[in-house]
Protein chains: 4
Amino acid sequence: MDSVSPRPDGPRLDADALAALHRGTLAEFLGIRFVEVDPDRVVAELPVRDALKTVGGAVHGGVLMALADTVGAAATFLGLPEGATTATLESKTNFLAAGRNGPLQAEATCLHRGRRTMVWQTRVTEAGGRLLSLTIQTQMVLMR
Amino acid sequence: MDSVSPRPDGPRLDADALAALHRGTLAEFLGIRFVEVDPDRVVAELPVRDALKTVGGAVHGGVLMALADTVGAAATFLGLPEGATTATLESKTNFLAAGRNGPLQAEATCLHRGRRTMVWQTRVTEAGGRLLSLTIQTQMVLMR
Amino acid sequence: MDSVSPRPDGPRLDADALAALHRGTLAEFLGIRFVEVDPDRVVAELPVRDALKTVGGAVHGGVLMALADTVGAAATFLGLPEGATTATLESKTNFLAAGRNGPLQAEATCLHRGRRTMVWQTRVTEAGGRLLSLTIQTQMVLMR
Amino acid sequence: MDSVSPRPDGPRLDADALAALHRGTLAEFLGIRFVEVDPDRVVAELPVRDALKTVGGAVHGGVLMALADTVGAAATFLGLPEGATTATLESKTNFLAAGRNGPLQAEATCLHRGRRTMVWQTRVTEAGGRLLSLTIQTQMVLMR
């Protein structure tokens, strides 16, 4: 009952269209680049520079969480029913290793696709595939 | 047993010293300003601009999480025993209202101060005191 | 907009009525006793026995989480609009100290009361007021 | 650096030995049965009865969290260095579907195995493989 399929007439966005949509927002400010866009999987990359680091020289946890939130929200958007919008209800991240030189790669996959909520899991890795963080977030589906 | 007091010889940093420490890092890049610095409570502010927003025009959840992570880590740093460093183990945020024009204010208060971990709770509010998000994060205390 | 008041004609349940409602469920099986019931605050107690402990002799984390989930769901129920039901979307617990002899006391207070979701925070303490755990949970409000 | 292998001389426990260890604790009280025991994966089952349900007749969220906490802690125990103990630092659960008749099956797999912490992910499914909940928990490794 509480499930939807990506709608046949849903937004058909590729990586370039997603980039255009995010112009002027945090995603562009940080330097996030969408590289794979599929209704069940969104992948983005982010080069690392000093402005994205902590005092200690590691990739800032806030960057890992912002990157995850961005790909999870984009993935939800791609599966929204017509006229619906989405908002993040909650997000939980476990930090597993310190990131250094990047580039970061974030891959969001779907854990639950319901009429009222979607749950996405995003793994952020660094060059070589080392897992830096795992985020699970719940997106509310809001019918206008 | 598993508790420490802010050490008498601990780092005595005021808001200016914290700002200097964060120069060139994500905190400065986003525009975070430390305004109150106490071993049990750290407050910071962040003006809102388009570059910190989502496609939908709300303050980006990643900004709220990065702000919380920054004040929680700074608060932990102020209470570290000599020679110790800290890393965020995990962070969980509930988003309670959409932020619009800011400025954001983040207040971190201590839930647990142990020898091995500290747990901080950060409330982010917007002008007028509306609660936008609540973050709880666990910091590991690492003895070198 | 996204807020509701405890409805004037809402369920008016006292601790005895809540206990009757929970007969035969996990709450009774564990031994949970509701002691204060208010639309913005629900308090329950739970005596500790060996069957609620871990191999190491501490109060089991699962007991702390089940206790929190029970009072948070009960508190949500008291504020539901007519004809609505509730389900827990997610729950996050930080464990701050090991519980030993109890009794446990759990106090749920409201962080957010919306039309679609409610967010409750539950503190579980042991005799003497020592904080054992802090749970934050999101309840979905489901209109039939 | 921050990683350990399951030690060659570590506790070699099979499902029966784990059951014996948990006698008289919450695991036995709920009816949890360990069915597969491997250093990187622990599986347990739990038949469902009314005493494990909510007022609404679903499997209680507290049962799903207690089951996950039990298998996650057991899995950590199997990989502890000699003389170490473990405690759950934090646990986060997303509830994805309501459980009804069971039996429940919980499978814990390792996300991170460090010297100071281990992170486990536990999926709880119902007959037919329907995913009811996903828990991620952080275990502290405590050297005495």
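The values are calculated or read from the model by the stated rules, or taken from the named source; none is laboratory data. No experiment lies behind these values; they were computed from the predicted model shown. Note that we place each Cβ from the backbone using ideal geometry, even for glycine, and neighbour counts take in every protein chain shown. Ligands, DNA and RNA are excluded from the accessible area calculation, which covers all protein heavy atoms including side chains. Shrake-Rupley method; radii C 1.70, N 1.55, O 1.52, S 1.80 Å.
Values computed for the structure shown
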| quantity | calculated |
| --- | --- |
| Pairs where the first residue, in segment A:89-100, is facing chain B (nearest Cβ under 9 Å) and open to solvent by less than 30 Å² (accessible area, probe 1.4 Å) and the second is of a type in the set (K, R) and outside any loop (DSSP other than H, G, I, E, B), C-beta under 6 Å, 6+ apart | A:K92/B:K92; A:K92/D:K92 |
| Filter result for A:F95 (more than 11 Å from the chain's Cα centre (by Cα) and either of a type in the set (F, W, Y) or over 22 Å from D:L132 (Cα atoms) (or both)) | yes |
| Residue match in segment B:49-60 (condition: touching a residue at least 40 places away in the same chain (Cβ under 8 Å) and within 18 Å of A:K92 (Cβ to Cβ)) | no |
| Count of segment D:67-87 residues which are touching a residue at least 60 places away in the same chain (Cβ under 8 Å) and either at the interface with chain C (Cβ under 7 Å from one of its Cβ atoms) or not aromatic (F, W, Y) (or both) | 12 |
| B:L64 vs. criteria at the interface with another protein chain (Cβ under 10 Å from one of its Cβ atoms), closer than 22 Å to A:V71 by Cα and surrounded by 24 or more Cβ atoms within 10 Å (Cβ to Cβ) | yes |
| Scan of segment C:25-48 for residues that are free of Cβ contacts under 8 Å to residues at least 24 places away in the same chain, within 14 Å of chain D (Cβ to nearest Cβ) and open to solvent by 20 Å² or more (accessible area, probe 1.4 Å), ordered by number | C:E28, C:F29, C:G31 |
| Where B:L52 falls short, out of the listed (1) more than 21 Å from B:L21 (Cα to Cα); (2) surrounded by fewer than 20 Cβ atoms within 10 Å (Cβ to Cβ); (3) in contact with a helix residue (DSSP H, G or I) (Cβ under 6 Å, 6 or more places away or on another chain) | (2) |
